[in-house]
Amino acid sequence: MGELERAWEVAGKRGLFEEIHRFKSLYEDILSGVANRVMVNARNQGWKGFRGCKISKGNELVHCPYQVLDIGRDFDAKSGLNIRILHWWGRGTFVFLFVGSDHPRYSLVWDKYFFGKLKARGYRLVDTESRWQYELIIDQGRHRALSKRSKSDRVGSQERLFHVFRQVVLEGEKCDAEAQLIDCVDELTGLFSV
């Protein structure tokens, strides 16, 4: 079978595209549930600089669809704070934490207690020039283990922002997946309510 014949065959599979649409909607519903819970918690905890939550989606992140939930929505390299949940089709679901180098809680994330908690939960230090290079971070493995050396490397460099991530394997029903992601967000926002 030639490439064009295969293209026509795939294009004619209406059920496949309807199933993909249904699952994309499911992931968006899960992210909406997480966002709604986070909004309530942020108001109750008085998270300073909190700019809300935003869900974004697209079809072409290295040829695959994705859904993103941004929490905090401050991407300033100096003062910013953001938690991002990325569901990238064909790769999985990932939670990212970004803290700008002059953010009041920057030194706290390097504190032995919190640094150890992040390390124990499998967070890895992003090792790219840009925060948005997911192909390099995820597909090409441009990340490294959290360690004392990673702290001294980062603190001594011009690019001092704190950017870590980990993969989350979603399991169970919709409510279970929401709970897993809410737990991830709660463990990260707990760093900033101290």
Once you've got the GNM for the chain with C-alpha springs shorter than 10 Å, pick whichever of Val62, Val168, Val99 has the biggest mean-square fluctuation.
Val62
About its Cα centre, the chain carries a charge dipole, from +1 on Lys and Arg Cβ atoms and -1 on Asp and Glu Cβ atoms, whose size in debye to the nearest 20 is 880
Among the lysines in the range 3-192, how many pairs, 8 or more places apart or on different chains, have alpha carbons under 19 Å apart?
13
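Could you give the length gained on full extension between Met1 and Thr128, defined as 0.36 nm per residue of separation minus the Cα-Cα distance, in nm? Walk me through the intermediate numbers first.
On the way: separation 127, 0.36 × 127 = 45.72 nm, distance 4.08 nm.
Fully extending the segment from Met1 to Thr128 adds 41.6 nm.
Of the chain, which part is the longest with no GluC sites (Glu not before Pro) in a loop (DSSP not H, G, I, E, B) and with at most 16 other C-beta atoms within 10 angstrom?
Details: sites that count: Glu129, Glu159, Glu171, Glu173.
Of all site-free stretches, the longest is 1-128.
Please compute the alpha carbon radius of gyration of the range 3-192, then divide it by the globular-protein estimate 2.2 N^0.38 Å. Two decimals is fine.
On the way: Rg = 17.9 Å, N = 190, 2.2 N^0.38 = 16.2 Å.
Working it through for the range 3-192, the quotient is 1.11.
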If the elastic network links every pair of Cα atoms under 10 Å, which of Leu86, Leu26, Leu146 fluctuates the most in the Gaussian network model of the chain?
Leu26
Once normalised by the length of the chain, the mean sequence separation of its alpha carbon contacts under 8 Å that are 6 or more apart gives a contact order in percent of 19
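Computed from the coordinates by the stated procedures, all read-outs in this text should not be read as laboratory data. Owing to the predicted nature of the structure, the values given are computational and were not obtained by experimental measurement. Here the Cβ is made from the backbone with ideal geometry for all residues, glycine too, and neighbour counts use every protein chain on show.
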